[in-house]
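Structure first, then comments.
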Amino acid sequence: MARVIAIANQKGGVGKTTTAVNLGASLATSEQRTLIIDTDPQANATSALGFPKDPARRTLYQTLVLGEPIERILLDAQVEGLDLIPSDKNLVGAAVELVSMEYREYRLKGAIQGVREKYSYVLIDCPPSLDLLTVNALAAADSVLVPIQCEYLALEGVSELLDTLMRLRRTINPSLAVEGILLTMYDDRTTLSKQVAADLRSFFGSQVFESVVPRNVRLAEAPSHGLPVLFYDINSKGAESYIQLAKEVIANAQKRLGQGAERPDQGTGTAASAAAAGAAAGGVGGSSGSSSGGSGPAAV
């Protein structure tokens, strides 16, 4: 059965869609059948995979609000082993229409149960907000992958996100794990990127993926051609980073199967939020030694 990974961060512009599209393509080319679900009304993942706006196309809206079987919405993403559940602007209305529905937080979870057996991975691209669409994604997910931009302001949202995950575990999805924290838009020429990366690794330890996504022109250009970067320029640094990330995700899954346990991420608590807040307040803005002072890695 597929492992369902929600790619989420309340902050926008951190690389959620880029990660969903390119990690999905990299997993598919590694012979891991993958489904990408676009839950963002902006439909960027849909267009990045080569599907222009089409009012006649059925999308996730029909499934969540009208009860259309998700199998009828599936699109072949033109990459072997990769499928897509598209989005469109109607999902803005879905967030409002779902409010009055029974089991509104679990509509997506129920919809994908029938197709989980067909895939190794299901990646859910979440909108940059905590509305009912994101809550549906996190309720349906086994784990959440958190892209974080290597800039100071991105750190400030970490404690907010951890607080949100804690609440969701208590009320909606007690088994929600953290797949990992992914550093994006990393620029090794700047001290700031290096400090942000060091602070995050100091506080979250092995929960931060070894793979780092750099700032890369080819990665930015690929969506305008409707292609994952792997098929736009496989030799680019962006493509290499997502190939490595896919290998890491697959290795972690194999490790979990071998150990019969989840990734060590079950300790989300006030200590984790305090650690994240400490990273935002003192890690980057202070001296280079501030990231290593005090407590060790905090579990997410």
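Worth a mention:
- Residue within the range 250-269 that is modelled with pLDDT of 95 or more and in contact with a Ser or Thr (Cβ under 9 Å, 6 or more places away or on another chain) present: yes
- Cβ pairs under 7 Å, 6+ apart, first in the range 110-122 and of a type outside the set (V, I, T), second surrounded by fewer than 19 Cβ atoms within 10 Å (Cβ to Cβ): G114/E71; R116/M1; E117/M1; K118/R33; Y119/R33; S120/R33
- Residue among Q32, Q62, Q78, Q10 that is part of a loop (DSSP other than H, G, I, E, B) and over 14 Å from the mean Cα position of the chain (by Cα): Q32
- Summed over the range 106-127, the residues that are assigned to a loop (DSSP other than H, G, I, E, B) and touching a Leu at 6+ places or on another chain (Cβ under 6 Å) give a count of 2.
- Residues in the range 199-224 that are under 22 Å from V249 (Cβ atoms) and hydroxyl-bearing (S, T, Y): S206, S211.
- Matching helices (runs of 4 or more DSSP H) fully within the range 128-230 where at least 2 residues are surrounded by fewer than 18 Cβ atoms within 10 Å (Cβ to Cβ), in contact with a helix residue (DSSP H, G or I) (Cβ under 8 Å, 6 or more places away or on another chain) and of a type outside the set (V, I, T): 152-156, 158-171, 191-204, 217-221
- Test: residue in the range 16-28 that is touching a residue at least 12 places away in the same chain (Cβ under 8 Å), within 25 Å of V135 (Cβ to Cβ) and in a loop (DSSP other than H, G, I, E, B): no
- The range 227-246, residues that are of a type outside the set (D, E, K, R) and either closer than 20 Å to E151 by Cα or in contact with a Ser or Thr (Cβ under 7 Å, 6 or more places away or on another chain) (or both): V229, L230, G238, S241, Y242, I243, Q244, L245, A246
- All of D142, D187 fail the test of being touching a residue at least 24 places away in the same chain (Cβ under 8 Å), of a type outside the set (A, V, I, L, M, F, W, C) and closer than 29 Å to R33 by Cβ, apart from D142.
- Scanning the range 93-104 for residues that are buried (at least 16 other Cβ atoms within 10 Å of the Cβ) and more than 16 Å from G67 (Cβ to Cβ) gives a single hit, A95.
The values are calculated or read from the model by the stated rules, or taken from the named source; none is laboratory data. The shown structure was predicted, so the numbers you read here are calculated from the model rather than taken from an experiment. A quick note on method: Cβ atoms are made from the backbone with ideal geometry, for glycine too, and the neighbour counts reach across all protein chains shown.
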